[in-house]
Amino acid sequence: MKKILLGLALVIVVAGGAAAVFAQDGFGGRRAAQNYDGSNIGYDGKLSFVRLRYSTGFGGFGRRNREPPWAHDYPTADQHMMKILSELTTVGPHTTGSNIYSLDDPDLMNHPILYLSEPGQWTMSDQEAKGLRDYLLKGGFMIIDDFRGNDWWNLEQTMKLALPEHRFVQLDQTHPIFNSFFEIKNLGFLTSYSPFGPPTYWGIFEDNDPTKRLIAIANRDNDLGEYWEYSDTGYDPVDFSNEAYKYGVNYFIYGLTR
């Protein structure tokens, strides 16, 4: 009963902004191509959701004028996640705007946490690879989301451009990130994004040492951003939306405190 009540509370938090979202672009409009230039709110000392912008084989844009893969679930997922973080913690983030940066943008260094969507189409230039390496090794934390199946191969190969000496390690529920705010005991609760098994969680550690700081986490065969985006619509079960927010809150708290 407690879990159900918490889930309802989380959904109610984001539902307050649902009318404005629907008025702006409608349910189906969340998938329409947008103008991403000039949308950044910048840095003023407060935490903001930061999304990675990258080029793909389609010139950085999706097929048929849909949103590029890096913008999947933008901006609704970003704003919903920050609204939950604002309501449940004392972090005090921006809740009505966010930032989009490429890895070679020096302003990225002002922000402690970076979100990457759909790494199956992710590419990096040499300069961007250096930017990511500097960002992660100087204290940044990266959340990698919304991918499945063979996307994993591209993620591994692209990450090696920035961190050739580092490797992903599968995480279990004993890692501190799953207890940084909420206690997450069952990592297989959410429905898999793939037919080949439950979602799993993989991390890269500082100096390749699992006893040191986690610098990146990958939600393999999972799409937390999708749950965040549609949590005010009834599209997904409340328990699933609730669980996805727990992961998000834990990730941000871990990234801010480690």
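The values are calculated or read from the model by the stated rules, or taken from the named source; none is laboratory data. Since this is a predicted model, take the numbers as computed values, not measurements. Cβ placement follows ideal geometry from the backbone for every residue including glycine, while neighbour counts extend to all protein chains displayed.
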Report task. Go through (1) of a type in the set (D, E); (2) touching a residue at least 24 places away in the same chain (Cβ under 8 Å); (3) within 23 Å of E243 (Cβ to Cβ); (4) surrounded by fewer than 21 Cβ atoms within 10 Å (Cβ to Cβ) and name the single condition D172 misses. Result -> (2)
Requested in this report: Answer yes if at least one residue in segment 120-128 is touching a strand residue (DSSP E or B) at 6+ places or on another chain (Cβ under 7 Å), part of a helix (DSSP H, G or I) and at pLDDT 95 or above, and no otherwise.
Outcome: yes
Requested in this report: Just give me the residues in segment 103-122 being among the polar types (S, T, N, Q) and closer than 22 Å to D44 by Cβ, in sequence order.
Outcome: N110
Query - Qualifying residue in segment 203-212 (condition: closer than 21 Å to D172 by Cα, modelled with pLDDT of 95 or more, under 14 Å from the mean Cα position of the chain (by Cα) and among the acidic types (D, E)) - result: no
Query - Tabulated pairs, segment 122-141, first polar (S, T, N, Q), second at pLDDT 95 or above, C-beta under 7 angstrom, 6+ apart or interchain - result: T123/Y54; T123/T158; Q127/D104
Query raised in the report: Mind checking whether some residue in segment 83-101 is assigned to a loop (DSSP other than H, G, I, E, B), among the small types (G, A, S) and exposed (fewer than 15 other Cβ atoms within 10 Å of the Cβ)?
Result: yes
**Report entry** Given (1) modelled with pLDDT under 95; (2) in contact with a Pro (Cβ under 6 Å, 6 or more places away or on another chain), index of the condition D221 fails
**Finding:** (1)
Requested in this report: Would you confirm whether any residue within segment 147-162 is surrounded by 18 or more Cβ atoms within 10 Å (Cβ to Cβ) and over 18 Å from the mean Cα position of the chain (by Cα)?
Outcome: yes
**Report entry** Selected residue [farther than 17 Å from E229 by Cβ and at pLDDT 95 or above] from I41, I84, I100
**Finding:** I41
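This table checks each residue for (1) in contact (Cβ under 8 Å) with a residue 60 or more places away in the chain; (2) of a type outside the set (K, R); (3) surrounded by 22 or more Cβ atoms within 10 Å (Cβ to Cβ).
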site: F181; (1), (2), (3): yes, yes, no
site: N208; (1), (2), (3): no, yes, no
site: K212; (1), (2), (3): no, no, no
site: G225; (1), (2), (3): yes, yes, yes
site: D239; (1), (2), (3): yes, yes, no
Query raised in the report: Among the residues of segment 196-215, is any in contact with a helix residue (DSSP H, G or I) (Cβ under 9 Å, 6 or more places away or on another chain), of a type in the set (D, E) and over 21 Å from L137 (Cα atoms)?
Result: no
**Report entry** Unmet criterion (only one of (1) at pLDDT below 95; (2) loosely packed, with under 14 Cβ neighbours inside 10 Å) for T191
**Finding:** (2)
